[in-house]
1. So, of the residues in the stretch 256-276 that are under 26 Å from the mean Cα position of the chain (by Cα) and among the aliphatic types (A, V, I, L, M), which turns out to be most open to solvent (accessible area, probe 1.4 Å)?
2. If I ask for residues that are of a type in the set (Ser, Thr, Tyr), closer than 30 Å to residue 75 by Cα and at pLDDT 90 or above, which ones from the stretch 292-342 would you list?
3. Suppose we filter the stretch 160-210 for residues that are more than 29 Å from residue 224 (Cα to Cα), of a type in the set (A, V, I, L, M, F, W, C) and buried (at least 21 other Cβ atoms within 10 Å of the Cβ); how many remain?
4. For the list (1) closer than 26 Å to residue 396 by Cβ; (2) open to solvent by 100 Å² or more (accessible area, probe 1.4 Å); (3) of a type in the set (Asp, Glu), I need the number of the one condition that residue 375 fails.
5. Check 409, 389, 416 and return the single one that is open to solvent by 30 Å² or more (accessible area, probe 1.4 Å) and not charged (D, E, K, R).
6. Among the candidates 136, 149, single out the residue that is open to solvent by 80 Å² or more (accessible area, probe 1.4 Å), assigned to a helix (DSSP H, G or I) and charged (D, E, K, R).
7. Select from the stretch 314-332 the residues that are open to solvent by 80 Å² or more (accessible area, probe 1.4 Å) and either in contact (Cβ under 8 Å) with a residue 24 or more places away in the chain or farther than 19 Å from residue 254 by Cα (or both) and list them in ascending order.
8. Residue check: is residue 367 aliphatic (A, V, I, L, M), under 24 Å from residue 172 (Cα atoms), open to solvent by 40 Å² or more (accessible area, probe 1.4 Å) and not in a loop (DSSP other than H, G, I, E, B)?
Amino acid sequence: MIKNIKYKWVPFVLLIGIPGVANAQIDTTFTRTIINYSDFLTLVSKNNLGYAAEKFNMNIADANVEAAKVFPDPELTIGASDTGQRRMQMGYGFSGELSWSLELGGKRKARINLAKSTNELTKALLEDYFRNLRAEATLNYLTGLKQKELFAVQLSSYTILKNIAVSDSIRFKLGSISEIDARQSRLEANAMLNEVYQSEADWKTALLQLGTLVGEQKADALLLPSGDLAKMDRVFDLNQLITSAQNNRADLLAALKNKTVSQDALKLTQANRVFDLGFSLGVEGAAVVSNAVAPTPSSTAVSAGITIPLLFSNNNRGELKAAEYGLQQANVLYKQTELQIQVEVRQAWFAYHTAQKQVRQFNTGLLADAKGVLDGKIYSYKRGETSLLEVLSAQQTYNETQLNYYETLYNYAAALVELEKTAGIWDINF
């Protein structure tokens with residue numbers, strides 16, 4: 001379900017009311033259209049411009065099937081003659097001929113079969129295009145979710161440093177800390193603010209890409225994905241995945257269809273080497289010649305004939321050899337695709353399980369430990385029991401831990417997308 005939420009472009013402003021610390025103008029209330037994954041994928045399948053362009057290949061292939069069914073056109077020849085000898089009264093004449101070629105060797109059937117097999121290959125290629133497009137769109141959707149979380153982490157870290165800087169400014173005025181410590185706090189807050197700005201830009205850039213994928217880019221709103229990166233746990237059996245890939249992968253089906261196309265192309269080449277019979281039926285007439293020297297009555301002659309071409313060109317077997325090599329190449333490519341699919345599934349399976357282990361490592365308490373250390377250091381710093389550098393070190397550790405956590409979650413989700421894409425299955429939803 002798509003849910004529109006619109007706000008005015010009013011920036012969310014974090015103000016630091018102390019000298020030397022920049023005012024943070026961070027826009028988190030931009031106009032947005034919240035969209036869930038299933039609706040997003042539906043829009044991609046309907047509106048993606050690249051996919052729409054690929055669909056025309058099916059229309060072209062259908063038209064080529066119809067074009068392959070045509071018979072050779074007959075030819076009508078009409079002629080007239082006039083000697084121009086009006087004084088000698090030589091008269092005039094006319095002629096007409098209807099000719100037609102009869103295709104032998106099953107040429108028409110071979111053309112139709114080639115067009116049909118090409119049509120099936122085009123369909124398989126279109127399915128494979130959507131398989132890759134679906135995976136690409138999903139990864140971009142996940143990127144939008146990830147960048148939102150990374151932005152939130154950076155903004156939270158900035159807020160912590162800002163609060164420390166505010167507190168240190170007050171403490172410096174009260175004489176509790178030195179000026180250098182207060183300056184250090186302001187410096188760290190300003191440095192973190194630049195990272196927040198960059199993270200904000202990365203987030204919006206990721207959202208812009210979603211609009212491109214669905215074939216639209218609204219000037220007043222960005223698509224905002226909804227979902228949870230953590231809902232990506234699956235259990236797979238490697239052998240079943242390989243079997244599924246061999247049965248369902250559209251690119252393997254395309255490789256198989258390519259073999260059929262090459263076979264039909266060879267048959268058409270062989271058929272084209274058979275001669276075609278040409279039939280003709282003609283009529284020729286002459287008007288009366290009425291001169292005194294050689295008077296001749298009018299006459300009409302009817303003729304019929306058969307044309308048999310002498311195919312000396314068949315001595316050149318270059319086109320036939322090319323078709324034979326094309327078939328051999330298609331067979332090799334099919335075997336290579338079959339092998340490549342097995343390798344891809346295994347690689348994706350290993351990558352998925354590695355990412356799964358990395359996510360579980362975070363679930364053992366890394367985030368909670370890093371947060372606990374930071375809270376403890378801040379508390380001790382405010383009591384004058386620890387240095388600012390120790391606080392900054394703890395804050396940096398906590399920030400990096402959170403960033404690594406969301407990067408790892410994204411990598412885990414991306415590994416699942418890649419695994420299901422390579423296995424020819426799809427049950428992703430979040």
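The values are calculated or read from the model by the stated rules, or taken from the named source; none is laboratory data. Quick caveat: nothing in here was measured; it's all calculated off a predicted structure. When we count neighbours, we look across all protein chains shown, and the Cβ atoms used for this are built from the backbone with ideal geometry, even at glycine. These accessible areas exclude ligands, DNA and RNA; they are computed on the full protein's heavy atoms, side chains included. Shrake-Rupley method; radii C 1.70, N 1.55, O 1.52, S 1.80 Å.
1. 256
2. Just the residues of the stretch 292-342 that are of a type in the set (Ser, Thr, Tyr), to begin with: 296, 298-300, 303, 307, 313, 325, 334, 337.
Checking which are closer than 30 Å to residue 75 by Cα leaves us with 298-300, 303, 307, 313.
Result: no residue meets the conditions.
3. Let us first name the residues in the stretch 160-210 that are more than 29 Å from residue 224 (Cα to Cα), namely 163-188.
In the following step, the residues that additionally are of a type in the set (A, V, I, L, M, F, W, C) were identified as 164-166, 170, 172, 174, 177, 180, 182, 187.
Narrowing the set further to residues that are buried (at least 21 other Cβ atoms within 10 Å of the Cβ) leaves 164-165, 182.
Of the residues in the stretch 160-210, 3 are more than 29 Å from residue 224 (Cα to Cα), of a type in the set (A, V, I, L, M, F, W, C) and buried (at least 21 other Cβ atoms within 10 Å of the Cβ).
4. Here residue 375 meets the rest and fails (2).
5. Details: 409 fails: open to solvent by 30 Å² or more (accessible area, probe 1.4 Å); 416 fails: open to solvent by 30 Å² or more (accessible area, probe 1.4 Å).
None of the others qualify; the one that does is 389.
6. After applying the criteria, what remains is 136.
7. 315, 316, 317, 319, 321, 329
8. Values: aliphatic (A, V, I, L, M): yes; under 24 Å from residue 172 (Cα atoms): no; open to solvent by 40 Å² or more (accessible area, probe 1.4 Å): yes; not in a loop (DSSP other than H, G, I, E, B): yes.
No, not satisfied.
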